[in-house]
1. Hey, any hits in segment 61-76 for a residue that's in a helix (DSSP H, G or I) and within 29 Å of residue 178 (Cβ to Cβ)?
2. Is one or more of the residues making up segment 82-99 under 30 Å from residue 196 (Cβ atoms), in contact (Cβ under 8 Å) with a residue 40 or more places away in the chain and not in a loop (DSSP other than H, G, I, E, B)?
3. Considering every residue within segment 156-170, establish whether at least one is part of a loop (DSSP other than H, G, I, E, B), touching a Phe, Trp or Tyr at 6+ places or on another chain (Cβ under 6 Å) and not polar (S, T, N, Q).
4. Which condition breaks for residue 80 when tested against (1) open to solvent by less than 60 Å² (accessible area, probe 1.4 Å); (2) aliphatic (A, V, I, L, M); (3) away from the ligand (no atom under 16 Å from the Cβ)?
5. Looking only at segment 205-220, which residues are surrounded by 15 or more Cβ atoms within 10 Å (Cβ to Cβ), within 7 Å of the ligand (Cβ to nearest atom) and either touching a residue at least 60 places away in the same chain (Cβ under 8 Å) or not charged (D, E, K, R) (or both)?
6. Taking the condition of being part of a helix (DSSP H, G or I), among the charged types (D, E, K, R) and modelled with pLDDT under 95, how many residues in segment 118-138 meet it?
7. Among the residues of segment 171-189 satisfying the criterion of being assigned to a strand (DSSP E or B) and away from the ligand (no atom under 12 Å from the Cβ), which is farthest from residue 110 (Cα to Cα)?
8. Do you know which of the residues in segment 190-204 that are touching a residue at least 12 places away in the same chain (Cβ under 8 Å) and near the ligand (Cβ under 9 Å from one of its atoms) is least open to solvent (accessible area, probe 1.4 Å)?
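The values are calculated or read from the model by the stated rules, or taken from the named source; none is laboratory data. Owing to the predicted nature of the structure, the values given are computational and were not obtained by experimental measurement. Every residue, glycine as well, gets a Cβ built from its backbone with ideal geometry; the counts of neighbours run over all protein chains shown. With ligands, DNA and RNA removed, areas are computed over all heavy atoms of the protein, side chains included. Shrake-Rupley method; radii C 1.70, N 1.55, O 1.52, S 1.80 Å.
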Amino acid sequence: MVTIYFDKQLSRFMVGITVPTSFSVPNGFFTYEIEAGEYAVFQFKGLYHELNRVYRYIYPDWYTRQNRGLPYAILIGIAINPQFIKTVYDSPHYVHTLNDEYAQTENHAGLIADKLADRLVRKGYKALSQSDNTLITENTFDFTTKTSVLPHKTIAVLSGIGYIGKNNLFITTEYGAVQCLGTVLTNAPISIMKYKIKSSQCGNCNICKDVCPQKVLNGVC
Ligand code: SF4
């Protein structure tokens, strides 16, 4: 069973089950297509009155832990030099180093995020750069799963400028997957424009899955 909550104020929600597109809907029921996007999915087993425990976990704990109580995110993207990508492509046994073009570009994105956060703080706002250094310092990076509590990719998808491909990377029309991301969380009142979240545009393409030497991609996004 799936429950979708639309808003907290009006407590509107739907309860249903997932069905294939070919499913013939009985009278009195309807289908609702969930738009592509980034969703938080929580699984709960228990009695209805125990649901409060879940809400308490989601709102004060998980949600605040994700955005650290800061409502806005600034995304920084830096394209990686295409010549470096060609070198990697031409070297099937290429080993990533801490000094190569990728590492330097990633480091650069983190430094810009650090400087931006620093400037916002000096202007009197709260701001947090999600550079590697900060994530390690605040213990919000899981080295086992290589994930942070609020990944740059999640913020990038929410910005509406790209999508996650079958290679699990963030893809934009201009640069494909060849970019490094950085983010700053802040309460500075920056003006925002809302863009629709993009669905994957991989379609029937499976190039990355087919060329992956370790066969770690499953062709799903
Ligand atoms: S499936 Fe094709 S379009 Fe999608 S990420 Fe892989 S190579 Fe790119």
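1. Yes - at least one qualifying residue is present in segment 61-76.
2. Yes: segment 82-99 contains one or more residues that are under 30 Å from residue 196 (Cβ atoms), in contact (Cβ under 8 Å) with a residue 40 or more places away in the chain and not in a loop (DSSP other than H, G, I, E, B).
3. The answer is yes, given that some residue of segment 156-170 is part of a loop (DSSP other than H, G, I, E, B), touching a Phe, Trp or Tyr at 6+ places or on another chain (Cβ under 6 Å) and not polar (S, T, N, Q).
4. With (1) open to solvent by less than 60 Å² (accessible area, probe 1.4 Å); (2) aliphatic (A, V, I, L, M); (3) away from the ligand (no atom under 16 Å from the Cβ) applied to residue 80, the lone miss is (3).
5. The one that is surrounded by 15 or more Cβ atoms within 10 Å (Cβ to Cβ), within 7 Å of the ligand (Cβ to nearest atom) and either touching a residue at least 60 places away in the same chain (Cβ under 8 Å) or not charged (D, E, K, R) (or both): 208.
6. Selection size over segment 118-138: 1.
7. If we take residues in segment 171-189 being assigned to a strand (DSSP E or B) and away from the ligand (no atom under 12 Å from the Cβ), then 186 is farthest from residue 110 (Cα to Cα).
8. Once the filter is applied, the top-ranked residue is 202.
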